[in-house]
1. What list of ³J(HN,Hα) couplings, whole Hz, do you get for the range 232-240 from phi and the Karplus terms 6.51, -1.76, 1.60, once you set θ to phi - 60° and write x for glycine and proline?
2. Given points 7 Å out from each Cα along the Cα-Cβ axis, report the K2 to K75 separation in nanometres with one decimal.
3. List the aspartates and glutamates whose alpha-carbon lies under 17 Å from that of K59, not counting same-chain residues fewer than 8 positions away?
4. Rounded to the nearest 500 deg cm²/dmol, what is the calculated helix-only ellipticity per residue at 222 nm for the chain, with -39500 (n - 2.57) per DSSP H run of length n ≥ 4?
5. Multiply the residue gap between S63 and N242 by 0.36 nm, knock off their C-alpha separation, and tell me the result in nm, one decimal place.
6. Of all alpha-carbon pairs in the chain, indicate the percentage at a distance above 27 angstrom.
7. Would you report the distance distribution of C-alpha pairs in the range 4-224 as whole percents per 10 angstrom bin, up to the bin with the largest distance?
8. Placing unit charges on C-beta atoms (Lys and Arg positive, Asp and Glu negative, everything else neutral), compute the dipole magnitude of the chain about its Cα centre in debye, rounded to 20.
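Computed from the coordinates by the stated procedures, all read-outs in this text should not be read as laboratory data. Owing to the predicted nature of the structure, the values given are computational and were not obtained by experimental measurement. Please note: Cβ atoms are built from the backbone with ideal geometry, for glycine as well, and neighbour counts cover all protein chains shown.
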Amino acid sequence: MKHLRAIVLAAGKGTRMKSSVPKVLHSVCGKPLITYVLDVVKAVGSLKSCVVLGHQNEKVQESLPKDFDVAIQDKLLGTADAVKCTEKFFKGYKGDVLILCGDTPLLREETIKALVKQHKKTDADCTFLTAVVEDSSGYGRILRGPDGKAVGIREENDATEYEKNIVEINVGVYCFKSEVLFREAKRIQINKKKKEFYLTDIVENLARQKLKIETVETEDPTEGLGVNTLEDLAVAGREIRNRIMRDLMLDGVTVIDPATTYIDADVRIGKDTIIRPFTVIEENVQVGSHCVIGPFARLRPGTKIGNHVEVGNFTEVSRTQMGDKTLMKHFSFLGDAQVGSGVNIGAGVVTANYDGQKKSKTQISNQAFIGSDSILVAPVKIGKKAKTGAGCVVTRGKTVPDGSVIVGIPGRVLDKK
Ligand code: UD1
Ligand code: MG
């Protein structure tokens, strides 16, 4: 989007999380909170963005993409102070500035686009996003004048009993003309109770100067959720999971029981695949079409599954590829394995991929038949159409030739008759 830049505020300690992990690095559906906000900023098309970091900034910076400017807020003196820290990146810039908080992962791209559109259309000095929620406690409440125009934002700590009943809240997304923003941010007085500079006070100052303030309300109030506690994190997780599953179902994936299914962000699943209850599919996993997954299956990151594959009950698959028409119906573990197509993995098969120090790979070639309770001590290679007998332990470093049969403990390849 032209003449638009963004600031993402993410320096706060996240005191209410009661955690040693910086708030914005807590994960929801396999992705850190801040990544959701940065993804939205990118999708909106903001050309250049600046992230404000403070508490444990090095740790947070490590997990961010590199295409953002980073401003460091030395002392956590509040959201207005965080904005002031970014000023040097905006020298000479005359366009609009979008501000978002790093702890609002449910925001949608369309909502932010609508906000920016309204801001530009009305040529406002400030446009900000509101949501009407059932429980407004903890949020800044929107104060409106007799004509319905927003005239201020009142933080919980300073709200009167009357103001606390207001159910329209500040989501923490604002669009400003950049000169107005940096001029007014400097004029904000410290909040005496909290000893912080509140960005939200800017609205009252603008209203007093009769500058143009616009608001946009989210269509979906859940978008306004700010994650401040671990309970909020769980609520955000539930909502994002619902969205992920809704999208999958609209794309032709059968999710038999969304309430007991956990699918992370960036998972891809093909049409006509059925996900049975109590299944966990973690971030970035890919599953082809016409597969049946679960019940009680866990597919972990780095897993890629072909078409017409079955992964049945009490199974775990991690950093593993499985080719088309491969079956693994009951209680088995595949880790760091490359499994071909048309393979049968019997009940109780385990790839022993970790020797206490390093992880090793297992290769199972096309149409191999891995008998029940086989243990494959990696690294091993099972050839095409090779078979392992029930209870066989294929020892480390072994290659089982194509078409052969291996049995026993330790596994011995039988002579061909
Ligand atoms: C803030 C808003 C509140 C709004 C809510 C929406 C203020 C004063 N209040 O409250 O009106 O309803 O968000 O979720 O802005 N941060 C910094 N530096 C600081 C302090 C905070 O970068 O010194 C960052 C935090 O990392 C966070 C964001 O700003 O991402 C918001 O801070 P937070 O403490 O969560 O504010 P809320 O109390 O949620
Ligand atoms: Mg917050």
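1. 3J(HN,Hα) across the range 232-240, in whole Hz: 4, 4, 5, 5, 4, x, 5, 5, 5.
2. Placing both labels 7 Å beyond Cα along the Cβ direction yields 4.3 nm.
3. Partners within reach: D67, D69, D74, D103.
4. Numbers: 8 runs with 81 residues, N = 417.
-5500 deg cm²/dmol, from helical runs alone.
5. 61.9 nm
6. Details: 51109 of 86736 pairs.
Summing the P(r) of the chain above 27 Å gives 59 percent of all pairs.
7. 8, 35, 41, 15, 1
8. Working: 62 positive and 52 negative charges, 302 e Å.
About 1460 debye.
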